[in-house]
1. Could you tell me which residue out of Ala41, Pro64, Gly175 lies farthest along the dipole of the chain toward its positive end? Charges go on the beta carbon: Lys and Arg +1, Asp and Glu -1, centred on the Cα centre.
2. Compute the distribution of all C-alpha to C-alpha distances in the stretch 24-155, in bins of 10 Å from 0, and list the percent of pairs in each, rounded to whole numbers.
3. Enumerate the calculated ³J(HN,Hα) couplings along the stretch 104-117 in order (Karplus 6.51 cos²θ - 1.76 cosθ + 1.60, θ = phi - 60°), each rounded to whole Hz, writing x wherever the residue is Gly or Pro.
4. Starting from the Cα gyration tensor of the chain, multiply each eigenvalue by 5, take the square root, and state the resulting semi-axes largest first in whole Å.
5. Taking the Cβ of Val294 as the center, what net charge do the other residues with Cβ under 12 Å away carry, scoring Lys and Arg +1 and Asp and Glu -1?
6. Kindly point out which whole DSSP H helices in the chain project their C-alpha atoms 27 angstrom or further along the helix axis while averaging a Kyte-Doolittle hydropathy of -1.0 or above.
7. Averaged over every viewing direction, what's the projected area of the C-alpha convex hull for the stretch 138-197? Give it in nm², one decimal, please.
8. Treating only the Cβ atoms of Lys and Arg (+1) and Asp and Glu (-1) as charged, compute the dipole magnitude of the chain about its Cα centre; round to the nearest 20 debye.
Amino acid sequence: MSGKNVTEVVIAGADGIARAAQILEEGGLVAVPTETVYGLAARADSDNAVARIYAAKGRPSFNPLIVHVRDAHGARDLVEWSEAADAAAARYWPGPLTMVLPRKSDAQLAVAVTAGLPTLAVRAPAHPVMQALLRAVDFPIAAPSANRSGFISPTTAEHVMTSLNGRIHMVLDAGPTSAGLESSIFALRADRSWEELRAGPVERGALAAPSVDHGPARHIEAPGQLSSHYAPGKPVRLDATEVAQDEFFIGFGALSGDCSLSPAGDLSEAAARLYDCLHQGAASDKPRIAVASVPIEGVGRAINDRLKRAASPPSQT
Ligand code: AMP
Ligand code: MG
């Protein structure tokens, strides 16, 4: 790959997508919009390419990656498929649902993708740019969120550049993402029930999953469960009803602030805007961030999950 530390931001049209496909083929890194957040893409079948993801993000090697496929056919080559997986895929793919399924022993994947686990996280994303890229190449694409490990996830090309400028080859820019929060992750258990590992746009009840205890002592299976994650690098105070002078205030509904998640109190809008407000708070002169409370219902569960981790002091990488 080229030795120059320059990251190009390219409009995600046909030419940009073709160039991105070329870079991936050669083992390089491209940030790509999905409907959830921008992903940092590399070919999932190459040890060197996948190693570059971990290096660019500063991601601990025990944290496995989600592998993106065009559709259920693409997933069947990589994981043990089942009726339960098929039903979930029929209902939610392409879309913001990641399934953790037993990895096929002969799957053509870099070892580091699964961080040594016998399972694999797979998703067929709906975003037309990521779909076009997946159709342009003949390998699955590993793509964690396109940010430095532990920092706020990116929902715009500018957010990606804040974190990874000079560390990756290209960013495909298609404007802000629509869902704004990472995919829901559900693991299929041996008894064929689903367990929710990470709250997201697909709600827990959708797959009739039992709830997960996110307590600190729990074995970390999906590092989105680390107690400090999505962190803006300064203290975050939750459920604020008024703002101190040294605080950047993120409002919701009637409580407006320096940035509002949704003036109308709409939870989907709040999910889509959450990371942008956190990025603004991180970049502001104010040394602290305060956030108004957001109802814990619907996608508000996932929003509160991310806020709790953003407010938690860093304890691990
Ligand atoms: P990111 O794409 O950076 O938002 O993170 C991907 C998430 O998927 C992390 O929380 C991983 O721990 C989780 N993940 C990936 N592979 C697996 C797996 N085989 N089992 C459980 N969780 C996984
Ligand atoms: Mg991430």
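1. Of the options given, the answer is Pro64.
2. 13, 48, 35, 4
3. Each residue's phi maps through the Karplus curve to give 6, 5, 9, 5, 7, 9, 4, 4, 5, 4, 9, 6, x, 6 Hz.
4. Working: eigenvalues 177, 112, 61 Å².
Semi-axes from the Cα gyration tensor: 30, 24, 17 Å.
5. Numbers: positive: Arg273, Arg301, Arg306, Lys308; negative: Asp239, Asp266, Glu269, Glu297, Asp305.
Value of the local net charge: -1.
6. On the way: long enough: none.
Qualifying helices: none.
7. Values: hull surface 25.2 nm².
Across all orientations, the stretch 138-197 yields a mean hull projection of 6.3 nm².
8. Numbers: 29 positive and 34 negative charges, 120 e Å.
Taking the Cα centre of the chain as origin, the dipole is about 580 debye.
Throughout, read-outs are computed from the coordinates displayed, never taken from laboratory work. These numbers come from a predicted model, not from an experiment. Methodologically, a virtual Cβ is constructed for each residue, glycine included, from the backbone with ideal geometry; neighbour enumeration extends over all protein chains shown.
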